[in-house]
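The values are calculated or read from the model by the stated rules, or taken from the named source; none is laboratory data. Remember, predicted model here, so these are calculated numbers, not experimental data. With ideal geometry, Cβ positions are generated from the backbone for all residues, glycine too; neighbour counts draw on all protein chains shown.
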Amino acid sequence: MVILCLSLLAACAGNRMEKMPPVSDSGLLAEYRIGVGDTLQINVWRNPELSLAVPVRPDGKISMPLIGDIPAADLTATQLSNNIVQSLTTYVRNPQVTVIVTNPSSSDFQRRVRITGAVNSPQSIPYREGMTVLDLVLLAGGTNIYASPNKARLYRKIDGVVKVYPIRLDDLINDGKIDTNYLLQPSDIVTVPERAF
């Protein structure tokens, strides 16, 4: 019995509750990095035959006329544009290249928020600026009859460490107490446990 209590205390210490998640601008990216599956529009000024829309292949490369395969994954649009300019200088005098990410599909799962547990419809949805815990719960159809809403938790990774924050959903939904209606960030997970019977 003592060993069981000690293990439970150790587990609780590992997932120590924080008071309030820090507010940050992690919803905004400083500069987008191209990923596998993204679609790019590449425009070579005064050379429409070299301009094209192209997907980033699973090997992280794209194919272009004259220069063939060129790495694109993990580069910014500016870096890729500079690399294409360097490759084209052999064939085109003073090339000017613009790269636009027209479909950033590689970021889809990195920029999602999720809700699991005792809700009517667990969800994994794209993050939207200004989204709150209440928005996510409503999108999930609310809590189900087995939920323990005041024991809900928000899991957020901050500087490589997962932090846990309490959410008092019952107080939020039924009493209008909005102090735990946190603003969400990409990759946040909200869990609603079932109550003990």
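Numerical summary
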quantity	calculated
Matching residues in region 94-150 - criterion: being in a loop (DSSP other than H, G, I, E, B), under 18 Å from Glu194 (Cβ atoms) and either assigned by TED's automatic domain parsing to the domain that holds Gln79 or without any contact (Cβ under 8 Å) to a residue 40 or more places away in the chain (or both)	Asn120, Ser121, Pro122, Ala140, Gly141, Gly142, Asn144, Ile145
Hey, Val137 over 23 Å from Gly37 (Cα atoms) and β-branched (Val, Ile, Thr) or not	yes
Residue list for region 142-175, restricted to those being at positive phi and modelled with pLDDT of 95 or more	Gly142
Answer residue from region 34-81, given it is in contact (Cβ under 8 Å) with a residue 12 or more places away in the chain and polar (S, T, N, Q) and is farthest from Val97 (Cα to Cα) among those	Thr39
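So that you can scan it fast, the table gives a plain yes or no per residue for (1) at pLDDT 95 or above; (2) crowded, with 16+ Cβ neighbours inside 10 Å; (3) in contact with a Gly (Cβ under 7 Å, 6 or more places away or on another chain); (4) not hydroxyl-bearing (Ser, Thr, Tyr):
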{"site": "Ser63", "(1), (2), (3), (4)": "yes, no, no, no"}
{"site": "Leu75", "(1), (2), (3), (4)": "yes, yes, no, yes"}
{"site": "Leu80", "(1), (2), (3), (4)": "yes, yes, no, yes"}
{"site": "Ser107", "(1), (2), (3), (4)": "no, yes, yes, no"}
{"site": "Ile115", "(1), (2), (3), (4)": "yes, yes, no, yes"}
{"site": "Pro126", "(1), (2), (3), (4)": "no, no, no, yes"}
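Table: residues versus (1) surrounded by 14 or more Cβ atoms within 10 Å (Cβ to Cβ); (2) not polar (S, T, N, Q).
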{"position": "Ile100", "(1), (2)": "no, yes"}
{"position": "Gln123", "(1), (2)": "yes, no"}
{"position": "Asp135", "(1), (2)": "yes, yes"}
{"position": "Ser148", "(1), (2)": "yes, no"}
{"position": "Ala152", "(1), (2)": "yes, yes"}
